[in-house]
Every structure is written in structure tokens, then in C-alpha cells.
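Only one structure is covered here, and it is reproduced in the block below.
The values are calculated or read from the model by the stated rules, or taken from the named source; none is laboratory data. This one's a predicted model, so the numbers in the text were calculated from it and none came from an experiment. FYI the Cβ positions are ideal-geometry reconstructions off the backbone, even for glycines, and counts take in every protein chain you see.
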Amino acid sequence: MADVRVILDRAADGGRISPEEALTLYTEAPLHALGRAADVVRRRRFGDTADIATYLIDRNINYTNVCVTACKFCAFYRAPKHAEGWTHPLEEILRRCGEAVELGATQIMLQGGHSPDLGIEWYEETFSAIRAAYPQLALHSLGGSEVVHISRTSGLTFEEVIRRLHAAGLDSFAGAGAEILVDRQRQVIAPLKESGAVWLEVMETAHRLGVESTATFMMGTGETNAERIEHLRLIRDVQDRTGGFRSFIPWTYQPENNHLKGRTLATPLEYLRLLAVARLFFDNIAHLQVSQLTLGKEVGQLGLHYGADDLGSVMLEENVVSSAGARHQWNLAELIHLIRSADRIPAQRDTLYNHLRVHWTPADDPTPDDRIHSHVASTAPAFRRDLPLVAS
Ligand code: SF4
């Protein structure tokens, strides 16, 4: 325990900790001491604004569920030619962007399957059209796996794919597809996906070309504690070279309707420990988001005391993670209330983490609007009929 105290004090003082020390803290540090140290580090990083916790209004538009990669944890995809496969026409994607703008969204996450029918031109046309119609929306979309897929379907290098997507309007990459970057477990859950090293190579290439990203981690598919920390190390090493990861977003595997099944092998307390260790370990990544979508509101609030500075998004639409069982939903007023009752000042942010409006007191809150609400597992075909966001 003496060693744990020494490492914890050094980390709280801002010293860099090694992967071995991170593993020691993850497995042995008292939970609340870990949270306190993470909170000290968060407060030091954000200084005058440390009492603020941020949220975002955005929409995940899942443009196709057709996918050749068949990840075992995924409940969203359908194989090519499957009767339930679909790809949204551009008009539908634009309609959803328009609804999002009307409800105050500042960001669109376009994410979808690896359809063999979609080459680089489809993505260029889509991004260009959104950019032209809604220049105010940040296009924080796709991820390392999509770049690998497009490079295969279109016969381009990673660099060419990234340059062309960026030129068409993509602002930054989402951290999706990271799952777990340690190849032993990555092979178990997603044997057809690119290796962890290739995912990191794509991100490093993107950062070098000026396209930043986030990084994610899907916990709880059966990885060891050492592999959890190794996932963090792989990301920190790239960040040391590029500085291009804006935030780290861990979440937990959802076990419904997929081929991996089983159960989530990450408890809420393990999640909070990982969150706190991430804040201590990532001395080079500014932002840390707690996943309300997969862990619920209580863990979301607790996470703000375990190193997180961001409570994620209202999520006007989400179909992928929620198809596998995540059911947690909230409206904007509730999200603001959750932050305030966790003893933080809520602030709406943009994709770059700039504060758009700070709700210093309840008088600063927006007028309640029930339409600004999470819509999860609204998987596409029934979406329009069952869950209209904006009255026509
Ligand atoms: S997680 Fe993505 S890449 Fe994997 S099967 Fe699902 S849609 Fe395809």
C-alpha cells in the first residue's frame, strides 16, 4: 500500500506515471483516493473553469447498416444482401441534419457499416452536400476503421482517403473503431477489423494532416486488467507524437442481440476506476468523457468526480450502441440538472470544447423543449414514423 500512496501522490502532483504504475493504481488504490487524485488533476488542468462540466447537442446519423466486417459485439450491422440492410439516400441524411440544426445541434457524427457499395465518392458527395447546406454543423464523423475500409474499396492510401474526406468537409474523426487496441482481445471480438496498430497508424496519419480526433475504449468484453492499461498506453504513445487526440471516451460493452453475447465484464466501479486512472495517466489528453449512454445517469454524475470534465451529448439519435442494449436516455433539461446536482456548472460546448453558453444559474438555462431528447435504437426504417423529432 505504501507504493500505491507514493504513486498516487506523484500522479496527483502532476508527475507522469508509467503503465506499470497505472496498473498498480487501477488494481490496488482505494477507490475514493483514486477519485480524489483524479479530481485534483482535473482541477489543476482546467484552473478557473474547473467547476464547469460540459455537454454537447449532436446527432449520430447512421447512414448504412450494411457491413462486411461483422464484429462479434455489434448488434447493428447486416451482411450485404441481407433483407434488413439499408443505406440512407442523401436526401434523408440532409433531412436529419436539418432537424438537428433546428433543435440546436452543433455536431453531426456520421457513422455506419463498412458497405462494399460505398466508395470515396459517396463520402465526398455526402460531406460536401452537408457542408453546403449546413455550414454551421461540425462534421465529427467516421473513424480509423472507415478510413481503412474506404482505402480498400477505392484503392487509395490512408493519406489520400483522409485528404479527400477533409477536403470534402470532414472536420475531425470520431474515436470509433478503437474498441480495444490490444490485438489478443481485438481478434476475439472483431477478427475482421484492422489491427490495433493499423487503427493507430490511421489516427497518427490524420493528426499529421491536421485532422484531429477523439479516442475511445470499449471495456468489458473479457480483456485483462493489464490489457485495459495497455490500451491506454498505446493511445498515450501516439498522443506524445501528435497531440491530436482531443479527448478520451471509455464506455462499456453492451451484450444484447450480438454474437459475442455473454455479459458486460466491467462493473460500474471498474469503470470509475478506469476513468480516474485515465485522468492520471493521460497527462497529454485534455478532455475525458463519462459514458452515460452505457452506464446511466448515476455513474455519469459520479464520473464528474472521478476525473471526467464532460458528460457527453443529448444524442438526438443513436442506433449502434443502443441496438446492443444501452437504454439510458435524457432530455436537455435533465442533462443540465444532472450536471448541476453533481455540483458542477453546466456549459454547452462545441466540438472543439469551446464553451458556447455557461449556465451559471438556473436563470441561464434554455427554455425546456421536450424535442431535445435522446432517441436511441431508433434504427432507421421505423425512425421517421415512430419518433419524429420536429413536427412537420
Ligand atoms: S461495429 Fe462497425 S465495423 Fe463492426 S460490424 Fe458493426 S457496423 Fe460493422
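For residues in segment 98-112 being away from the ligand (no atom under 16 Å from the Cβ) and in a loop (DSSP other than H, G, I, E, B), which is modelled with the highest pLDDT? So, considering only residues that are away from the ligand (no atom under 16 Å from the Cβ) and in a loop (DSSP other than H, G, I, E, B), the one modelled with the highest pLDDT is THR106. Just one of the numbered conditions (1) polar (S, T, N, Q); (2) in a helix (DSSP H, G or I); (3) within 15 Å of the ligand (Cβ to nearest atom) is not true of THR205: (3).
Of GLU212, GLU179, all but one fail to be away from the ligand (no atom under 16 Å from the Cβ), charged (D, E, K, R) and surrounded by 18 or more Cβ atoms within 10 Å (Cβ to Cβ); the exception is GLU212. The set of residues in segment 18-50 being touching a Lys or Arg at 6+ places or on another chain (Cβ under 7 Å), surrounded by fewer than 24 Cβ atoms within 10 Å (Cβ to Cβ) and more than 17 Å from SER247 (Cα to Cα) consists of PRO19, TYR26, LEU31. ALA53 meets each of the listed conditions (1) farther than 30 Å from ILE7 by Cα; (2) buried (at least 22 other Cβ atoms within 10 Å of the Cβ) apart from (1). Assessment of segment 315-323 against the conditions (assigned to a loop (DSSP other than H, G, I, E, B), of a type in the set (A, V, I, L, M) and modelled with pLDDT under 85) yields at least one matching residue. What are the pairs with Cβ atoms under 6 angstrom where one residue, in segment 256-281, is of a type in the set (A, V, I, L, M, F, W, C) and the other, located anywhere, is outside any helix (DSSP H, G or I) and surrounded by fewer than 17 Cβ atoms within 10 Å (Cβ to Cβ)? Sequence gap at least six, or different chains. Short answer, once both residue conditions are applied: LEU260/LYS72; LEU265/GLY222. When residues of segment 1-28 are filtered for being on the phi < 0 side of the Ramachandran plot, part of a loop (DSSP other than H, G, I, E, B) and touching a residue at least 60 places away in the same chain (Cβ under 8 Å), how many remain? The number of residues fulfilling the criteria is 2.
One line per residue, one yes/no per condition, for (1) within 16 Å of the ligand (Cβ to nearest atom); (2) closer than 28 Å to ASN354 by Cβ:
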{"site": "GLU92", "(1), (2)": "no, no"}
{"site": "ARG96", "(1), (2)": "no, yes"}
{"site": "ASP117", "(1), (2)": "yes, no"}
{"site": "ALA132", "(1), (2)": "no, yes"}
{"site": "PRO135", "(1), (2)": "no, yes"}
{"site": "SER141", "(1), (2)": "yes, yes"}
{"site": "VAL147", "(1), (2)": "yes, yes"}
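Within segment 267-285, the set of residues being surrounded by fewer than 24 Cβ atoms within 10 Å (Cβ to Cβ), in contact with a helix residue (DSSP H, G or I) (Cβ under 8 Å, 6 or more places away or on another chain) and farther than 13 Å from ALA38 by Cα comprises PRO268, LEU269, ASN284, ILE285. Scanning segment 290-306 for residues that are closer than 21 Å to ALA174 by Cα and touching a residue at least 60 places away in the same chain (Cβ under 8 Å) yields a total of 1. Being in a helix (DSSP H, G or I), touching a residue at least 40 places away in the same chain (Cβ under 8 Å) and away from the ligand (no atom under 16 Å from the Cβ) is the filter here; which residues of segment 182-199 pass it? Of everything in segment 182-199, just one residue is in a helix (DSSP H, G or I), touching a residue at least 40 places away in the same chain (Cβ under 8 Å) and away from the ligand (no atom under 16 Å from the Cβ), namely ARG184.
Could you tell me whether segment 273-280 includes any residue that is closer than 23 Å to GLU21 by Cα, touching a Pro at 6+ places or on another chain (Cβ under 7 Å) and either among the small types (Gly, Ala, Ser) or at pLDDT below 95 (or both)? Yes, that holds for at least one residue. When segment 47-65 is filtered for residues that are touching a Gly at 6+ places or on another chain (Cβ under 8 Å), more than 16 Å from the ligand (Cβ to nearest atom) and part of a loop (DSSP other than H, G, I, E, B), only ILE57 remains. On the basis of being more than 16 Å from the ligand (Cβ to nearest atom), among the polar types (S, T, N, Q) and assigned to a helix (DSSP H, G or I), does GLN301 make the cut? Spelling it out, GLN301 is indeed more than 16 Å from the ligand (Cβ to nearest atom), among the polar types (S, T, N, Q) and assigned to a helix (DSSP H, G or I). Only one entry of VAL147, VAL68 meets the criterion of being assigned to a helix (DSSP H, G or I) and hydrophobic (A, V, I, L, M, F, W, C), and that entry is VAL147.
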